[in-house]
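Peer 1: First, the structure itself, so that you have it in front of you.
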Amino acid sequence: DGGVIKFGHDNKTDPFENPAHACTAVFSNLVSAGTNGAVTVEVFGSNQLGTAAEHVQQVRDGILQATLTSTGALASYYPRIDVLNLPFAFANNEATYKVFDGDFGKTLAKDIEDTLGDVVVLGFPDTGGFFAVTNSKHKISELQDFDGIRVRTMTLPSHQKIMQALGAEAYPLAWGEVYSGLQTGVIDGQMNPVPIISFANFAEVQKYMTLTNHLFSPYTFMINRAFYEGLSDSERATVRSAAENCVTASRGLSRIIEASDRGLAGLKDKIEVTALTAEQRAAMAAATQPVFEAHVSEDLDAKAAELLALFKTAVQGANADSYLN
Amino acid sequence: MLVAIAFVALILFGMPIGFAIGMAGVVGLIEMGGTQFLAIGPSKIFNGLNIFPFLAMPFFILAGEIMNDIGITDRLVKLANVLVGRFRGGLAHTNMLASVFFAGLTGSATADAAAFGRTLVPAMVKEGYKRDYACAVTAAGSIIGPTIPPSGLMVVYGSLMGVSIAGLFSAGVLPGLAICVICMAVIAIGGKRENLPKSMRGATPREIWDTFVSSLTALTMPVIILGGILGGIVTPTEAASIAVAYAMFIGIFVYRTLTLRSFYGMLVRTARITGVIFVIIAFAGILGWWMSFERIPQAIASAVLGISDNRYAVIAIIICLLLVVGMVMDITAILIILGPVLVPLTEQVGLEPIHAGIIFVLALNISLMTPPVGACLFVLSSVTGEKLERISIKLFPFLIAEIVILFVFAFWEDAALLLPRYLGFAG
Amino acid sequence: MRNWAGKASGRINAAVEAIVAALMLLLVLDVWLGVMDRYFFHWQLPWPEELARYLMIWAAMLAVSSGISRREHIGLTAFLHKLPKPIRRALLIAMDLLSLALFAYVLWYGVPFANGGATRQAMIFGASLRPFYAAIPAAAAVASVQIALVLLRDLGTHIEEIPEEGLL
Ligand code: NA
Ligand code: NA
């Protein structure tokens with residue numbers, strides 16, 4: 001029984017620096033304490049053992065036991081994860097917690113497990129919150145403002161289509177070229193969660209940031225199935241509970257980073273920040289959601305359409321729900 | 001241990017260095033036991049190369065091939081010669097200055113080495129320089145490319161470590177110029193001993209003007225590349241493709257010397273040179289993965305702090321470590337593997353993040369030309385046919401001079417942070 | 001036998017180089033298209049960046065075999081030149097055999113790696129990753145064949161002709 005969980009992720013190995021390592025640090029501590037050292041966790045951060053997509057393969061092959069993977073990296077193994085890119089879905093952060101901790105989270109985890117066959121999904125930690133759009137042309141505060149802005153996206157068809165539906169032009173560009181691309185004007189803007197915008201110093205080369213909150217893209221926390229099933233019942237229970245605390249830690253640190261000078265508070269001095277009104281956001285949702293749904297029904301399979309329907313219902317429920325009320 | 005022994009033995013016995021790195025990695029995987037570890041090799045090879053900015057390498061090699069073939073290089077060399085050729089070692093000085101100029105267009109030392117290895121080295125040999133010396137000068141100058149902005153390594157460093165990339169860029173300017181100056185001093189001091197050639201008489205203003213006019217098409221090339229980047233048309237990587245386009249345009253429409261047959265040969269040669277370099281990067285991916293998995297970098301880091309926690313001692317140890325590891329590994333791999341371990345050490349001894357960054361970038365760039373595994377040496381050896389060990393011998397004085405510059409900027413914070421502070425990137 | 005191996009190596013290499021040249025040309029055109037698209041056409045093509053990486057890997061990895069055929073992969077020879085000729089030749093043959101083992105290893109594990117790509121989706125063309133991953137086993141196969149052929153061709157004699165001073 002017991003053993004070592006080799007855990008790969010793609011962020012710095014400082015628990016106060018990023019949600020990924022906060023999550024793994026909490027997980028590591030609770031697992032070794034809860035099993036009295038029978039199960040220990042060794043964390044390999046900073047992409048030491050490969051890209052996020054390679055981590056997934058290494059977990060499947062039993063080389064690593066666990067990883068946190070981004071939706072972009074998971075998409076090549078499990079294309080239906082794209083469903084989570086439904087734009088302008090969530091009203092606030094709490095809604096994301098409710099959706100991924102609730103029935104939808106369970107359904108999604110089960111579907112990933114069934115599709116891959118060799119992993120168990122233990123949760124959906126926060127990667128740093130909602131996406132914002134930055135650019136160097138002009139302030140974006142309503143739908144029309146996106147016209148003609150050339151935005152860098154990942155090589156992800158859904159992200160490209162969402163930007164195009166807003167009226168922007170979308171070009172995939174290698175991550176390593178984004179900063180200089182923004183600096184010289186090869187592209188006008190980009191989209192990412194606020195901590196990444198801060199971390200990558202995009203404020204140095206961008207003038208305007210709009211808190212569009214149009215995407216929420218969690219990590220998927222997965223563990224090798226054979227390893228997991230080889231644990232004793234009580235060890236599995238400990239791992240499950242540690243995973244829940246890992247997810248909670250990732251959310252807590254994400255909110256703290258947003259509030260600190262490494263997040264919005266720090267960016268406000270360097271870049272003009274705009275928040276959207278409810279009406280502006282509704283207009284953007286109306287412009288993008290039909291395009292996204294057409295993309296899901298055309299480019300993904302029938303099960304993806306079902307999953308999307310479930311996702312929308314779960315999100316609506318979570319948006320309507322209010323805390324302790 | 002077994003891995004290190006295998007690596008050293010294979011290299012001594014003449015196995016190509018890329019393959020020896022691969023064998024060492026595979027020995028490591030076997031040592032771990034279990035076929036699932038052996039199965040990781042192909043994935044590390046593929047993913048180690050699956051990086052868009054690497055494109056700059058084949059493109060600058062191809063542009064260099066074309067420029068050479070259609071005679072752009074000859075014209076540039078002629079111009080350089082009428083300007084500074086009257087001094088002893090004039091073309092070697094020109095090589096250095098050209099590297100500074102070229103640095104504004106390229107972000108990688110290997111691209112610089114490839115371009116000048118294809119163009120200036122043959123020109124220098126034609127002028128009577130020994131080929132190993134010409135290669136050494138080019139290698140020494142090639143690290144100016146990624147030191148003066150733009151710099152691919154700084155972009156990687158900045159995004160990995162969360163340090164301002166613009167700040168790093170600004171910190172690179174002074175060391176880049178200092179390297180040029182000290183290398184020119186090395187050329188001047190060693191000029192007599194190396195018996196460097198010089199032309200017999202100075203050129204007349206008329207000759208200078210005529211040469212200038214005839215090399216205008218060549219001189220426009222950097223302007224077009226720079227304009228392409230600064231004008232927001234291309235990214236620094238794509239700029240290499242503009243270099244190819246411009247060289248082809250001149251070859252087909254202006255000089256009319258570029259033929260389909262010769263172009264075919266250039267494409268093949270470019271791919272072959274790229275293959276020789278990429279196989280090293282690819283196999284280094286396997287070795288690097290094994291090292292990370294066995295936590296060798298962390299062992300190194302704790303050993304460093306075990307020696308001393310004095311600021312200057314730690315800086316010196318880190319520099320030596322980077323230079324030594326840089327002898328046997330790809331520098332991007334080092335940055336990815338050792339960066340997260342060593343950068344926190346610099347924080348512990350109170351180094352400014354930008355200052356630490358420029359130390360890392362300089363040390364890694366210098367390790368690009370330390371044998372046995374220096375990428376710039378490989379590129380030069382591969383494009384010129386000169387033996388690696390012969391280049392290394394001639395390179396030695398330049399290497400020492402550049403390491404001196406590295407230590408000056410590592411220990412003298414005010415100099416290293418002069419520009420970043422002036423521009424508001426550092427406190 | 002040595003002659004035959006040399007000729008076979010040359011023929012295979014000529015074919016490989018033709019493919020590699022075509023891939024390089026496509027690579028150049030692909031990157032140009034990406035630039036032109038962003039600046040003139042505004043088609044917002046999703047694939048030039050990703051395709052460029054795959055073309056680069058295919059071209060460079062295939063070209064590895066070409067470098068083997070021409071003995072362009074660089075190693076250190078200083079130590080070998082200090083050894084008596086028979087030992088030197090025996091060592092060089094041994095190094096060729098080990099190199100062959102290395103590429104046979106890459107081929108052996110490269111096939112399941114490429115097949116594993118079949119169930120993974122590339123972000124472009126809706127294609128699977130198999131045709132792109134196949135670059136690794138394919139290149140390893142050609143490299144293995146070339147090492148075997150040049151081993152027979154040279155039998156450890158290939159570092160004996162020292163290039164002349166200033167030759168270029
Ligand atoms: Na540069
Ligand atoms: Na140079």
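Peer 1: With the convex hull built on the Cα atoms of segment B:258-402, state its orientation-averaged projected area in nm².
Peer 2: For segment B:258-402, the mean projected area of the Cα convex hull comes to 10.7 nm².
Peer 1: Next question, about the same structure. Using only Cα atoms, tell me the angle between helix B:56-70 and the longest principal axis of chain B; keep it within 0 to 90° and round to the nearest 10.
Peer 2: Once rounded, the angle reads 20 degrees.
Peer 1: Collect residues whose amide H, placed 1.01 Å from N in the peptide plane, falls under 5 Å from the amide H of A:I5; neighbours closer than 5 in sequence don't count.
Peer 2: Here the answer is A:T40, A:V41, A:E42, since their amide H atoms fall under 5 Å of that of A:I5.
Peer 1: Summing +1 for each Lys or Arg and -1 for each Asp or Glu, what net charge is found among the other residues whose Cβ lies under 11 Å from the Cβ of A:R255?
Peer 2: Values: positive: A:R251; negative: A:E94, A:D126, A:E258.
That sum, taken over residues with Cβ under 11 Å, equals -2.
Peer 1: Could you please report the charge total around B:M1, scoring K, R as +1 and D, E as -1 over all other residues with beta-carbon less than 12 angstrom from its beta-carbon?
Peer 2: -2
Peer 1: Place a point 7 Å from the Cα of A:E142 along the Cα-to-Cβ direction; which residues of segment A:157-193 have their backbone N under 18 Å from it?
Peer 2: So the set is A:166-168.
Peer 1: OK, next. Roughly what angle does helix B:109-126 make with the longest principal axis of chain B, taking Cα atoms, 0 to 90 degrees, to the nearest 10?
Peer 2: Value to nearest ten degrees: 40.
Peer 1: Mind grabbing the accessible area of C:L27 for me, 1.4 Å probe, Å², rounded to tens?
Peer 2: Looks like 0 Å² after rounding.
Peer 1: Relative contact order for chain C: what percent, with Cα pairs under 8 Å and sequence separation of 6 or more?
Peer 2: Computed value for chain C: 32 percent relative contact order.
Peer 1: Among the listed pairs A:K268/B:K44; A:K137/A:K303; A:K161/A:K207; A:K312/B:K44; B:K394/C:K82; A:K98/A:K161, which are separated by more than 29 Å between their Cα atoms? Let's see the in-between values first.
Peer 2: Working: A:K268/B:K44 41 Å; A:K137/A:K303 40 Å; A:K161/A:K207 24 Å; A:K312/B:K44 39 Å; B:K394/C:K82 21 Å; A:K98/A:K161 27 Å.
Beyond 29 Å: A:K268/B:K44; A:K137/A:K303; A:K312/B:K44.
Peer 1: Still on this structure, I have one more. Please report the net charge: other residues with Cβ closer than 13 Å to the Cβ of C:R153, K and R +1, D and E -1.
Peer 2: Summing Lys and Arg as +1 and Asp and Glu as -1 gives +3.
Peer 1: Just read off the accessible area of C:H42 with the full protein assembly in place, 1.4 Å probe, to the nearest 10 Å².
Peer 2: The accessible area comes out at roughly 80 Å².
Peer 1: Counting only residues 5 or more places away or on other chains, whose amide H sits under 5 Å from the amide H of A:A275 once H atoms are built in the peptide plane?
Peer 2: Placed amide hydrogens put A:L211 under 5 Å from A:A275.
Peer 1: For chain B, what is the mean residue ellipticity at 222 nm derived from helices alone (per DSSP H run of n ≥ 4: -39500 (n - 2.57); sum divided by total residues; nearest 500 deg cm²/dmol)?
Peer 2: My calculation for chain B gives -25000 deg cm²/dmol from helical runs alone.
Peer 1: Using label points projected 7 Å from each Cα along Cα→Cβ, tell me how many nm separate C:A18 and B:V181, to one decimal.
Peer 2: With each label point 7 Å from Cα toward Cβ, the separation is 5.7 nm.
Peer 1: Just grab the label-to-label distance for A:T313 and C:L83, each label 7 Å out from Cα along the Cβ direction, in nm (one decimal).
Peer 2: Reported label-point gap for A:T313 and C:L83 is 7.3 nm.
Peer 1: Moving on. What's the FRET efficiency of A:E113 with B:A188 using the Cβ-Cβ distance as r and R₀ = 51 Å, to the nearest 0.05?
Peer 2: Working: r = 69 Å, r/R0 = 1.36.
For A:E113 and B:A188, the calculated efficiency is 0.15.
Peer 1: Assuming R0 = 56 Å, can you tell me the calculated FRET efficiency for the pair B:R86 and B:S302, based on Cβ-Cβ distance, to the nearest 0.05?
Peer 2: 0.50
Peer 1: How large is ³J(HN,Hα) for each residue in segment B:253-267, as worked out from phi by the Karplus curve 6.51 cos²θ - 1.76 cosθ + 1.60 (θ = phi - 60°), to whole Hz, x for Gly and Pro?
Peer 2: These are the phi-based 3J(HN,Hα) values: 9, 9, 7, 6, 10, 7, 10, 4, 4, 5, 5, 4, x, 5, 4 Hz.
Peer 1: Compute the separation of the alpha-carbon centres of segment B:405-419 and segment A:6-60 and state it in Å as a whole number.
Peer 2: 37 Å
Peer 1: Loop-only check: which GluC sites (Glu not before Pro) in segment C:1-110 are DSSP coil with at most 10 other Cβ within 10 angstrom?
Peer 2: Those that pass, being in a loop and sparsely packed, number zero.
Peer 1: Continuing with this model, one more query. Taking Cα atoms, how many degrees apart are the long axis of helix B:205-214 and the longest axis of chain B, rounded to 10 and kept between 0 and 90?
Peer 2: Roughly 70 degrees between the two axes.
Peer 1: Further, regarding this structure: For A:K207 and B:L216, what does the FRET efficiency come to when R0 = 41 Å and r is the distance between their Cβ atoms, rounded to the nearest 0.05?
Peer 2: Here the calculated transfer efficiency is 0.60.
Peer 1: In percent, how large is the relative contact order of segment B:270-344, given Cα pairs closer than 8 Å and 6 or more residues apart?
Peer 2: Rounded, it is 43 percent for segment B:270-344.
Peer 1: Turning to a different aspect of this structure: Kindly give the semi-axes, whole Å and largest first, of the ellipsoid equivalent to the protein assembly as shown, taking each as the square root of 5 times a Cα gyration tensor eigenvalue.
Peer 2: Output for the protein assembly as shown: semi-axes of 46, 32, 27 Å.
Peer 1: Would you please give the residues with an amide H less than 5 Å from that of A:G123, counting only those at least 5 places away or on a separate chain, with H modeled from the backbone geometry?
Peer 2: A:F221
Peer 1: Follow-up. Provide the per-residue ³J(HN,Hα) series for segment A:294-299, in order, calculated from phi with Karplus coefficients 6.51, -1.76, 1.60 and θ = phi - 60°, each as a whole number of Hz, with x at glycine and proline positions.
Peer 2: Coupling constants for segment A:294-299: 4, 4, 5, 6, 8, 9 Hz.
Peer 1: Among DSSP bridges having both ends in the protein assembly as shown, what percentage is antiparallel? Round to the nearest 5.
Peer 2: Approximately 50 percent, going by the DSSP bridge assignments.
Peer 1: Shifting gears a bit: Choose one answer from A:Q164, A:Q144, A:Q58: the residue with the largest mean-square fluctuation in a GNM of chain A with alpha-carbon springs under 10 Å.
Peer 2: Ranking A:Q164, A:Q144, A:Q58 by mean-square fluctuation puts A:Q144 first.
Peer 1: How large is ³J(HN,Hα), in whole Hz, for each residue of segment A:38-55 in order, when computed from phi with the Karplus curve 6.51 cos²θ - 1.76 cosθ + 1.60 and θ = phi - 60°, using x for Gly and Pro?
Peer 2: Going residue by residue, I get 5, 10, 10, 10, 10, 9, 10, x, 6, 6, 4, 9, x, 6, 4, 5, 5, 4 Hz, with x marking Gly and Pro.
Peer 1: Taking Cα pairs under 8 Å and at least six residues apart, what relative contact order does segment B:2-422 come out at, in percent?
Peer 2: On the way: 608 pairs, mean separation 108.4, N = 421.
Over segment B:2-422, the number comes to 26 percent.
Peer 1: Further question on the same structure: Compute for chains C and B the buried accessible surface, both sides summed, probe 1.4 Å, and express it in Å² to the nearest 100.
Peer 2: Answer for the C-B pair: about 5600 Å² buried.
Peer 1: Rounded, prolate or oblate: which fits segment A:1-49, taking a ≥ b ≥ c as square roots of the Cα gyration tensor eigenvalues, rounded meaning a/c under 1.5, else prolate when a/b beats b/c?
Peer 2: Oblate.
Peer 1: Which residues does the label zone of B:N195 cover in segment B:114-139, counting backbone N under 11 Å from a point 7 Å along Cα→Cβ?
Peer 2: What the label zone holds, given the 11 Å backbone N cut-off, is B:130.
Peer 1: Additional query: If one computes the Cα centroid of segment A:70-96 and of segment A:135-201, what distance in Å separates the two points?
Peer 2: Comparing the Cα centres of segment A:70-96 and segment A:135-201, I get a distance of 18 Å.
Peer 1: Where the convex hull is taken over the Cα atoms of segment B:2-422, what is its projected area averaged over directions, in nm²?
Peer 2: The orientation-averaged projected area of the Cα hull of segment B:2-422 comes to 21.3 nm².
Peer 1: Still on this model: Suppose the chain between A:A305 and A:T277 were pulled fully straight at 0.36 nm per residue; how much longer would it get relative to their current alpha carbon spacing? Intermediate values should be presented prior to the final figure.
Peer 2: On the way: separation 28, 0.36 × 28 = 10.08 nm, distance 2.97 nm.
Length difference between fully extended and current span is 7.1 nm.
Peer 1: Of A:F90, B:F407, B:F101, which has the most accessible area and how do the rest follow, probe 1.4 Å?
Peer 2: If we order A:F90, B:F407, B:F101 from most to least accessible, we get B:F101, B:F407, A:F90.
Peer 1: For segment B:16-31, which residues drop by 10 square angstrom or more in accessible area between the chain on its own and all protein chains together (1.4 Å probe)?
Peer 2: B:P16, B:I17, B:F19, B:M23, B:V26
Peer 1: Of the candidates B:A114, B:A140, B:A299, which one comes out as most mobile in a Gaussian network treatment of chain B with C-alpha springs shorter than 10 Å?
Peer 2: Comparing B:A114, B:A140, B:A299 in a Gaussian network model of chain B, the most mobile one is B:A299.
The values are calculated or read from the model by the stated rules, or taken from the named source; none is laboratory data. Everything numeric here is computed off the predicted structure, so don't read it as measured data. Backbone-built Cβ (ideal geometry, glycine too); neighbour counts: all protein chains shown. We work out accessible area using only protein heavy atoms, side chains counted, and drop any ligands, DNA or RNA first. Shrake-Rupley method; radii C 1.70, N 1.55, O 1.52, S 1.80 Å.
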